[in-house]
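Below you'll find the structure, written out as structure tokens, and then a few comments.
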Amino acid sequence: MTLENVLLVSAILFAIGLYGALTRRNAIVLLMSIELMFNAVNIAAIGFSRFTLPAALSGSRIEVTADTVQTALSGHVFAIFIIAAAAAEVALGLALVIAIYRQRQTTDVSELDTMRG
Amino acid sequence: MSAHDLWLLSPELSVAALGVIVIIADLILEKKTPLIWISVIGLTVPLTFALLLWFNTPDPEIGVFGTVTADRLALFFHFLLIGTTAAVIVASVTYSRKFAGFQGEYLALMLLSVSGMMLLASSRDIITAYLALEVSTLPVAALAAFLRTDRSLEAGLKFLLLSALSSAILLYGLVYLYGVTGTTDIGGILDAISGMSADGGRAFGSSALMLGVVMVIAGFGFKMAVAPFHMWVPDVYEGAPTPIVAFLSIASKSAAFAIVLRILYTALGSNDLAADWSVLLAILAAITMTAGNLLALTQRNIKRMLGYSTVAHAGYLLVGLAAVAANSDSEGFIAGPQGVLFYLVAYAFTNLAVFFAIIAITNKTGSDLISGFAGMARRAPFMSVLLALGLLSLLGIPPTAGFLGKIFVFSAAVDSGLAWLAVVGVINSVVSAFYYLRVVRTMFLDEPENDERVTADIPVWAATMTASAGLLIFGIAPSSLLEFARHAVSGVVT
């Protein structure tokens, strides 16, 4: 497995998510598509981290210091924060979907067109 | 976290603490109006901390493992954000009766959002910047839906979905920046890039870096309301509560410009990289100005019209960011960002005056349609004059601050070899006269629907007066603000 493989999977997942986010009508499916995009980002972050960490640790020229390890681990930290922020985003999104469903009995975003121009 | 870290973060932390205090006070107090005064008076605490930091830190100090800085640029935006928030809170005294019983949550969400925006201006690390962005965005989505009407809920959901989409795009770009450079530190990214072997034929020297930069600019473009990422603006502006629209159009946009300025001028600040993103921003600026002004022409709802006007102003601001001197002497390099900072303050005063006057008038009439302002000069003469003054400043007529802001960014563009962009900007300003002056004409020349007087309440009247005074003072005597802006950018732009 190489970095290219990981980034390819990430790019494909991101593209699927973006396609869903741009074409789907159901607000909940939209949130799921966006979640897919966030997870594509997580894969890329972990991939970069995984393939730079050994280089930082085993490379003869680079001395292993707290600094290099911290740099390589940033990807993991990034992914954890993204998961947390995405959860908050979905929680608020679902709350809004429920509030709208109570008033209009629909979760279809194409019917949310009271404002035009 | 050491005591020094807490000291550097004290403005952000005290704003967040104020938000929590307001929630607790909301549980205790029977009457909700005191909460507004608790918030406004409480905002003097972060303001004091920011002033102390400004006078006591000679060098840009870095803290919390290098992720946060309290340099002059960050503090400049702290002042702007705290001032804007205080003014918006004062102006929502009457308006917030529409959500009676929930004023505590309204104020707390706004304060928490501001703490995120302030952290965004201070962050020196892309992970911190992303988290600050989320902290500032999520409360705004809830606030946009706060009226619980069909339109308001729709505005909230649209804002949330599109900001989540833009976050995902932004994150993809940030992760590529991290992957290419191996660091999340904004200062460290530049060192890593200059150490790499660049492919001279390609923009940014490598495809991966170009992908990262383009996606980062696209992601922040949503927050700055830059075309073609401006689709959420008109609907959210029309549906959301008017004070929140004022807050969104100034605070949210300023914070996004702060972080973009820092990333572009610090992480991507070398001359050959700057030449590449300068072209990208110049094209975006031209598209944004034109799209915003053309779409505003046909609007009937004043909040929707001002939404498109916001898009146009994001374009003028981008002109200043794109104005990186090609001749790269430090004097020319600083003029663009300095102009952007001046423009942001001028725009803040102007837009606050416009929105507060609209709040004062629509509190009584209840209609956001431009036709509802017919003959308002006879029903509310003073407010009509202030609204007209604000619209003239948005248009850029002397002696207003909006005029000088445009002069500074356009002249910076001409000095850095982007004369064509300045010409596009001036043509756009002329086009914008059509829709700004149409509102003025409706107010002063059309017949009123009825002769009932429209009087403003004292808080919103005072807030409108302050904002209008600011836009006149900085329009007549800009030198102190200009010097302030120069101090703020001098540490970042080298």
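Summing Lys, Arg as +1 and Asp, Glu as -1, what charge do residues with Cβ under 15 Å from the Cβ of B:ALA141 carry, B:ALA141 excluded?
Working: positive: B:ARG148, B:ARG151, B:LYS158, B:LYS223; negative: A:GLU89, B:GLU105, B:GLU134, B:GLU154, B:ASP235.
Within the 15 Å Cβ shell, the charges total -1.
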When the chain is fully extended, how far beyond the present Cα-Cα distance does B:LEU437 get from B:ALA477, taking 0.36 nm per residue of separation? 11.9 nm
So which residues of the range B:156-176 lose at least 20 Å² of accessible area, probe 1.4 Å, when you go from the chain by itself to every protein chain present? B:LEU157, B:LYS158, B:LEU160, B:LEU161, B:ALA164, B:LEU165, B:ALA168, B:ILE169, B:LEU171, B:TYR172, B:VAL175, B:TYR176
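For the protein assembly as shown, what does -39500 (n - 2.57) per DSSP helix run (n ≥ 4), summed and divided by total residues, give at 222 nm, in deg cm²/dmol to the nearest 500?
Values: 25 runs with 458 residues, N = 611.
For the protein assembly as shown, the value works out to -25500 deg cm²/dmol.
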Counting sequence-distant residues (5 or more places) and residues on other chains, those with an amide H built under 5 Å from that of B:ALA456 are none
Tell me which lysines have Cα within less than 23 Å of B:LYS98's Cα, excluding those fewer than 8 residues away on the same chain? B:LYS31, B:LYS32, B:LYS158, B:LYS303, B:LYS364
Work out from phi, with θ = phi - 60° and the Karplus expression 6.51 cos²θ - 1.76 cosθ + 1.60, the ³J(HN,Hα) of each residue of the range B:458-467, listed in order in whole Hz, and give x for Gly and Pro. 4, x, 5, 5, 5, 5, 5, 4, 4, 5
Note every residue of the range B:108-144 with a reduction of at least 40 square angstrom in accessible area, all protein chains present versus the isolated chain, computed with a 1.4 Å probe, or write none. B:ILE127, B:TYR130, B:LEU131, B:LEU138
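Using only the Cα atoms of the range B:227-279, build the gyration tensor, take square roots of its eigenvalues as a ≥ b ≥ c, and label the shape rounded, prolate or oblate: rounded if a/c is under 1.5, else prolate if a/b is larger than b/c, else oblate. Intermediate results must be reported in sequence, preceding the final value.
Working: a/c = 5.86, a/b = 2.34, b/c = 2.50.
Oblate, since a/c reaches 1.5 and b/c is not below a/b.
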Whole-number accessible area per residue in Å² for the range B:269-494, which is evaluated in the context of all protein chains at 1.4 Å: 36 Å²
Work out from phi, with θ = phi - 60° and the Karplus expression 6.51 cos²θ - 1.76 cosθ + 1.60, the ³J(HN,Hα) of each residue of the range B:357-374, listed in order in whole Hz, and give x for Gly and Pro. 5, 5, 4, 4, 6, 6, 3, 8, 7, x, 10, 8, 6, 4, 5, x, 8, 4
Hz values of 3J(HN,Hα) by residue in the range A:12-17 - Karplus curve (6.51, -1.76, 1.60), Gly and Pro given as x: 5, 4, 4, 5, 4, x
Bin by bin, in steps of 5 Å, what percent of the Cα pairs in the range B:269-494 do you find, going until the bin that has the longest distance? 1, 8, 15, 18, 17, 14, 11, 7, 5, 3, 1, 0, 0
Let me check something: with ligands and nucleic acids excluded, how do A:MET32, B:MET443, A:MET1 order by accessible area (1.4 Å probe), largest to smallest? A:MET1, A:MET32, B:MET443
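Averaged over B:145-154, how many beta carbons belonging to a partner chain fall within 10 Å of each residue's beta carbon? Don't jump to the answer; show the numbers that get you there.
Numbers: counts 5, 0, 0, 3, 2, 6, 3, 1, 10, 10.
What the average comes to for B:145-154 is 4.
Of the accessible area of chain B, with the probe set at 1.4 angstrom, what percent is carbon plus sulfur? Could you put the intermediate results ahead of the total?
Details: 10980 of 16160 Å².
Carbon plus sulfur share of accessible area: 68 percent.
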Amide H contacts under 5 Å for B:ILE397, placed H, 5+ residues apart: B:PHE403
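Return the value, in Å² to the nearest 100, of accessible area buried between chains B and A (probe 1.4 Å, both sides summed).
Numbers: alone 17990 and 8320 Å², together 22650 Å².
That pair hides around 3700 Å² of surface in total.
For the range B:269-494, what is the relative contact order in percent, using Cα pairs closer than 8 Å and at least 6 residues apart in sequence? Could you put the intermediate results ahead of the total?
On the way: 351 pairs, mean separation 64.9, N = 226.
With pairs under 8 Å counted, the relative contact order is 29 percent.
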Between the helical axis of B:103-122 and the dominant principal axis of chain B, each derived from Cα atoms, what acute angle in degrees is found, rounded to the nearest 10? 30 degrees
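The values are calculated or read from the model by the stated rules, or taken from the named source; none is laboratory data. All of these numbers come straight from a predicted model, not from anything done at the bench. Note: ideal-geometry Cβ built from the backbone for every residue, glycine included; neighbour counts use all protein chains shown. Please note that ligands, DNA and RNA were not included when accessible areas were found on the heavy atoms of the full protein model with its side chains. Shrake-Rupley method; radii C 1.70, N 1.55, O 1.52, S 1.80 Å.
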